[in-house]
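Below is one structure, written out as structure tokens; the observations come after it.
The values are calculated or read from the model by the stated rules, or taken from the named source; none is laboratory data. Here the structure is a predicted model, which means the values were calculated and not measured. Neighbour counts run over all protein chains shown; Cβ positions are idealised from the backbone, glycine included.
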Amino acid sequence: MTTVKIPEDMELVYDYPDSLTEADTHYCPGCTHGTIHRLVAEVLDELGVRTRTIGIAPVGCSVLAYNYFDTDFAEAAHGRAPAMATGLKRVSPDNVVFTYQGDGDLAAIGTAEIVHAANRGELFTTIFVNNAIYGMTGGQMAPTTLPGQVTTSSPTGRDVKAAGYPIRMSELIGILPGSAYVTRQAVFDVRGIRRTKRAIKTAFRAQLEGCGFSMVEVLSTCSTNWGMSPQEALEWAEEHMVDYFPLGDTRVSDDVRAFMEE
Amino acid sequence: MAKELLEGNEAFAEAAVRAGLEAFYGYPITPQSEALEHLSKRLPELDRVFLQAESEVAAINMVYGAACAGARVMTSSSSPGISLMQEGLSYIACSEVPVVLVNVMRGGPGLGNIQPSQADYFQSVKMAGHGDFHMIVLAPADVQELIDHMVLAFDLAEKYRTITLVVADGSIGQMMEPAELPPMRQVRPPEERTDWALTGAKGRDANTITSLYLGAEKLEEVNLRLQRKLREIAAHEVRWKEYETEDADLLLVAFGTVGRICQTVVRDARDKGINVGLLRPVTLWPFPSERIAELADQVQGILTVEMNAGQMVEDVRLAVEGRCPVEFYGRMGGIVPLADEILPELETLAAEVKTGQEA
């Protein structure tokens with residue numbers, strides 16, 4: 001990193017949150033992981049919980065998330081982060097625990113673990129980044145790939161008759177009584193980024209208040225594997241993803257609603 | 001503490017509680033579910049953690065998470081369940097967090113049956129998961145030893161930051177015997193958890209526990225460290241028991257339930273004038289290879305007896321390196337070989353050895 005001296009007549013208004021390290025990320029240009037990492041870090045700072053937070057990283061593009069968050073971190077096997085978070089939180093109830101998972105990790109190989117953790121009302125928070133593709137392995141079809149979407153393993157477009165339909169995880173997790181707060185947001189524009197941050201804060205507060213399981217699904221882009229420029233990817237996502245994955249809350253428990261209305 | 005009549009599964013569960021177990025995550029499977037049932041009652045009474053997971057896959061990853069937090073944690077299962085846990089075991093081994101695991105073996109392959117078996121020897125000592133690693137493997141032969149091994153298992157797991165597997169078979173798990181439980185140890189309070197654990201980066205740099213090392217040189221370095229640790233374990237933790245080996249001309253090698261049955265074989269054979277001794281490996285990994293090699297110089301032949309198609313016999317032969325003939329007798333499918341059927345095998349070996357010497 002480079003250190004820039006701030007001129008005397010100017011004020012520093014934007015800096016690294018304490019909960020982020022200053023490491024350069026490995027993410028592709030235009031990737032939204034960096035934005036989402038920052039939102040989580042800002043929330044941890046604002047809630048004053050950095051020094052008691054433990055993150056669980058997934059297998060996928062954010063496998064190295066522990067290099068970017070300045071909190072304790074464990075690296076899980078593919079899809080198993082919710083099981084690890086469960087085991088960890090149960091023996092360390094005073095810690096703040098979150099998983100950070102992509103759509104292959106959470107909605108394919110780790111479906112059982114996320115459903116049962118949510119259903120038990122485990123007191124951790126899941127940040128679920130949905131970009132409708134397997135990024136790290138080179139752009140294969142994900143459980144969330146849209147009908148007709150071309151990927152390296154659906155070269156003629158996802159045929160729902162053969163490959164099934166994209167899975168709407170927030171709706172599925174939202175109906176479980178152990179869930180306290182489940183929402184789907186998008187980081188395609190500034191308004192969406194601000195809303196996503198508010199949702200992440202609500203999710204961590206739901207954990208801190210002991211309300212139950214909380215999850216924020218964040219619609220995201222993958223310009224590299226979608227074969228688009230970052231700007232085109234944001235526009236494509238706004239145009240196509242939001243139709244299939246509608247934004248908004250799928251679960252707000254009474255406890256959570258009470259503190260949201262404070 | 002006086003002896004009580006205890007069932008193996010409940011006994012090892014209670015022994016773990018007394019060894020300071022903080023959390024158990026498991027999934028029901030015969031023939032060890034009594035352990036999970038006992039802990040479902042016992043741990044909440046003591047304000048400790050019990051959780052029935054949605055699968056063995058989830059259970060081992062819950063164990064992994066709790067171990068990362070520095071808690072004393074375990075799971076138990078039986079053969080098909082252990083297969084499901086193998087992914088997690090590999091990650092745990094590379095991450096070097098202490099975990100205790102119990103396998104009350106049943107007949108396989110596949111769903112097999114729920115009868116006692118030793119068919120998971122290879123899985124236990126040679127292929128606990130992908131990658132280069134070993135677990136410490138303790139093989140009790142009766143309920144008392146099963147109890148004692150639980151306490152030892154936690155101590156070894158934490159000393160070496162490794163997985164310790166206690167591998168019993170369904171008959172030890174289901175059998176009731178008079179045995180003595182250990183005294184109750186204090187549970188370590190969370191604030192005394194070890195410095196590498198994930199407890200929150202308060203007043204220190206953030207801790208990371210991972211099994212991902214993208215650079216080949218870095219990963220080789222990690223592997224070299226793991227191998228050094230395994231060599232240290234192999235140098236210090238080999239355990240075995242011997243019965244009447246001092247003057248033995250023949251040697252039986254058997255572990256667990258069959259190891260116990262072979263004590264009867266030794267007695268019966270000696271009544272018939274066959275000078276046989278028994279070596280019972282207590283640790284299956286590390287294996288008592290050196291002692292077996294020494295005995296191979298003393299005896300004329302070795303008979304290995306197992307409840308499988310012949311797995312440990314490969315390690316016996318590797319230890320013996322041709323010094324003497326090594327024969328095998330085993331039963332599969334959940335059948336426990338009786339002393340009366342092992343003795344004729346020993347007599348055959350005795351006759352062969354004699355013929356060989358005369359020729």
Subject >> Qualifying residue in the range A:3-22 (condition: more than 10 Å from every other protein chain (Cβ to nearest Cβ), touching a Phe, Trp or Tyr at 6+ places or on another chain (Cβ under 6 Å), farther than 30 Å from B:A23 by Cβ and part of a loop (DSSP other than H, G, I, E, B)) >> reply: yes
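When you check B:G110 against the structure, is it more than 20 Å from B:E22 (Cβ to Cβ), within 14 Å of chain A (Cβ to nearest Cβ) and surrounded by fewer than 24 Cβ atoms within 10 Å (Cβ to Cβ), yes or no? Outline the logic, then answer.
Values: more than 20 Å from B:E22 (Cβ to Cβ): yes; within 14 Å of chain A (Cβ to nearest Cβ): no; surrounded by fewer than 24 Cβ atoms within 10 Å (Cβ to Cβ): yes.
Considered against the rule, which asks whether it is more than 20 Å from B:E22 (Cβ to Cβ), within 14 Å of chain A (Cβ to nearest Cβ) and surrounded by fewer than 24 Cβ atoms within 10 Å (Cβ to Cβ), B:G110 comes out as no.
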**OP:** Name every residue in the range B:176-203 that is in a loop (DSSP other than H, G, I, E, B) and at the interface with another protein chain (Cβ under 9 Å from one of its Cβ atoms), in order of residue number.
**Re:** B:R193, B:A197, B:L198, B:T199, B:G200, B:A201, B:K202, B:G203
Subject >> Unmet criterion (only one of (1) crowded, with 17+ Cβ neighbours inside 10 Å; (2) away from chain A (no Cβ under 14 Å); (3) touching a residue at least 40 places away in the same chain (Cβ under 8 Å)) for B:I209 >> reply: (2)
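Only one residue in B:V97, B:V102, B:V49 is in contact with a helix residue (DSSP H, G or I) (Cβ under 9 Å, 6 or more places away or on another chain) and closer than 19 Å to B:S211 by Cβ, so which one is that? Let's see the steps before the verdict.
Details: B:V102 fails: closer than 19 Å to B:S211 by Cβ; B:V49 fails: closer than 19 Å to B:S211 by Cβ.
So the residue among B:V97, B:V102, B:V49 that is in contact with a helix residue (DSSP H, G or I) (Cβ under 9 Å, 6 or more places away or on another chain) and closer than 19 Å to B:S211 by Cβ is B:V97.
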**OP:** All but one of (1) within 13 Å of chain A (Cβ to nearest Cβ); (2) surrounded by 16 or more Cβ atoms within 10 Å (Cβ to Cβ) hold for B:L214, so report the exception by its number.
**Re:** (2)
Subject >> Only listed residue being crowded, with 18+ Cβ neighbours inside 10 Å, within 22 Å of B:V313 (Cβ to Cβ) and assigned by TED's automatic domain parsing to the domain that holds B:L43, chosen from B:S90, B:S124, B:S78, B:S95 >> reply: B:S124
**OP:** Considering every residue within the range A:99-121, establish whether at least one is within 13 Å of chain B (Cβ to nearest Cβ), under 14 Å from A:I200 (Cα atoms), among the β-branched types (V, I, T) and in contact (Cβ under 8 Å) with a residue 12 or more places away in the chain.
**Re:** yes
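Quick one: which strands (runs of 3 or more DSSP E) lie wholly within the range A:54-132 and hold at least 1 residues that are among the polar types (S, T, N, Q)?
On the way: elements: A:72-75, A:96-102, A:125-130.
The qualifying strands (runs of 3 or more DSSP E) are A:96-102, A:125-130.
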Original post:
Mind checking whether some residue in the range B:228-240 is away from chain A (no Cβ under 14 Å), without any contact (Cβ under 8 Å) to a residue 24 or more places away in the chain and farther than 30 Å from B:G310 by Cα?
Top reply: no
Subject >> Test result for A:H33, within 12 Å of chain B (Cβ to nearest Cβ) and over 27 Å from B:V97 (Cα atoms) >> reply: no
**OP:** Take B:T162 and decide whether it is surrounded by fewer than 21 Cβ atoms within 10 Å (Cβ to Cβ) and of a type in the set (S, T, N, Q).
**Re:** no
Original post:
So which of B:A339, B:A309 is touching a Ser or Thr at 6+ places or on another chain (Cβ under 9 Å) and either under 21 Å from B:T257 (Cα atoms) or among the basic types (K, R) (or both)?
Top reply: B:A339
Original post:
So is B:I302 part of a strand (DSSP E or B) and touching a helix residue (DSSP H, G or I) at 6+ places or on another chain (Cβ under 7 Å) or not?
Top reply: yes
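Are there strands (runs of 3 or more DSSP E) fully within the range B:3-104 with at least 1 residues that are of a type outside the set (G, A, S) and facing chain A (nearest Cβ under 10 Å)? List them.
Numbers: elements: B:4-7, B:23-26, B:49-52, B:73-77.
Answer list for the range B:3-104: B:23-26, B:49-52, B:73-77.
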**OP:** Could you figure out which of (1) buried (at least 24 other Cβ atoms within 10 Å of the Cβ); (2) out of contact with any strand residue (DSSP E or B) (no Cβ under 7 Å at 6 or more places or on another chain); (3) under 18 Å from A:I193 (Cβ atoms) isn't true of A:S19?
**Re:** (2)
Original post:
On the given criteria, is B:V258 surrounded by 14 or more Cβ atoms within 10 Å (Cβ to Cβ), assigned to a helix (DSSP H, G or I) and among the hydrophobic types (A, V, I, L, M, F, W, C)?
Top reply: yes
